[in-house]
Amino acid sequence: MPRKKQPIIEYRHYSLPIHFPILLLSGERWKISDIKSEHLHFHNHLEIGICHSDSGIMEIKGESVPFKAGDVTFIPRYLPHTTYSSPNEASLWSYLFFSPEDLFQQSFKSSAYSNFEPNLRAIKGLNCILNREEHPRIYTLATSVVEELKQKNPFYQESAYGLLLSLYIELLRIHSRNEPLADQETQHNLKGDLVISPVLEYITKNYMSPITIDFLADLCHLSTTHFRRKFHDIMGTAPLDFLNSTRIEEACKQLKSTDASILSISEQVGFQSISSFNRCFSKLMGKSPKEWRKGAQSEVQSAKASILEFTGWV
């Protein structure tokens, strides 16, 4: 019997706005075709989707889960999936991308909960789609966040933040109830899902620490050679290049939002020398850290001035 063909898995990277790290994708552009893709994809941030029209199927962890207008989807980062509409339909969506750990860190500071996202190896595809009839509060909160971000009325960021925090807590409650059962049913090795997900999770949380290729391969229970090849096939880049791009992305946040020295920032994000940081930064960003910071901070000041003028605070 021929072996079942493994789906191709693609990585999609979204950069969040630094001053307010929530990305909204909405409008007529976000219509989903009825042509089924042979590729799965995953993101570097958590995705919340709202289906505004029509129906279709989401492929999640080998499950084919139907969706319809009014459904809200909840896809943790690094969870491979794909979406396609029913025949002769083109479902319309809005998407929110954010990192709960970054966005809600202060809100959860005194909480007993340390995990900001459900365990993606325990989560069931069926629980990633929530319909409006069974979960009206989820739908109301999700659509309210989208409207706040689209209309941008005075204090919209504060309102969107509060609504999104309430929405995320509701989603965590739902998944915490489902997780024990899912754990019992999904105790299999990672080869059926995204084999490199332990590395992606580890780099996200520990990019500032010294990391070797052998250590990363061990996390996936693969040989170093096999790990390099598998990582490149999925991510389109080498493991250590991905690590450095993660470090540079974090450095950009700090360069734009703090007055810390470039040397201090380079050390905080995990570079062993300022020269290697400068070289890597210039390669990825096309400018030196100093030049990039000057332009980025000018943009921030202009944005602040516009907001103050708009809200009448000047």
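For the charge dipole of segment 1-99, defined by +1 on Lys and Arg C-beta atoms and -1 on Asp and Glu C-beta atoms about the Cα centroid, which residue among P17, L40, P87 has the Cα displaced farthest towards the positive pole?
Towards the positive end, the residue furthest out is L40.
Only sites in a loop by DSSP and with at most 15 other Cβ atoms within 10 Å count here; which trypsin sites (Lys or Arg not before Pro) in segment 1-90 make the cut? Present the calculation step by step, with values, prior to reporting the outcome.
On the way: sites: R3, K4, K5, R12, R29, K31, K36, K61, K68, R77; in loops: R3, K4, K5, R29, K36, K61, R77.
Sparse-neighbourhood loop trypsin sites (Lys or Arg not before Pro): R3, K4, K5, R29, K36.
With the Cα gyration tensor of segment 125-166 giving a ≥ b ≥ c as the square roots of its eigenvalues, does the rule (a/c under 1.5 for rounded; else a/b larger than b/c for prolate; else oblate) give rounded, prolate or oblate? Spell out each step's value before the answer.
On the way: a/c = 2.84, a/b = 2.52, b/c = 1.13.
Note, shape of segment 125-166 comes out prolate.
Scan around E47 for amide H atoms under 5 Å from its own, H built in the peptide plane at 1.01 Å from N, and keep only partners 5 or more places away or cross-chain.
Result for E47 returns I75, R77.
Bear in mind that the values in this text are calculations on the coordinates, not laboratory data. Remember, predicted model here, so these are calculated numbers, not experimental data. So basically every Cβ, Gly included, is an ideal-geometry build from the backbone, and we count neighbours across all protein chains shown.
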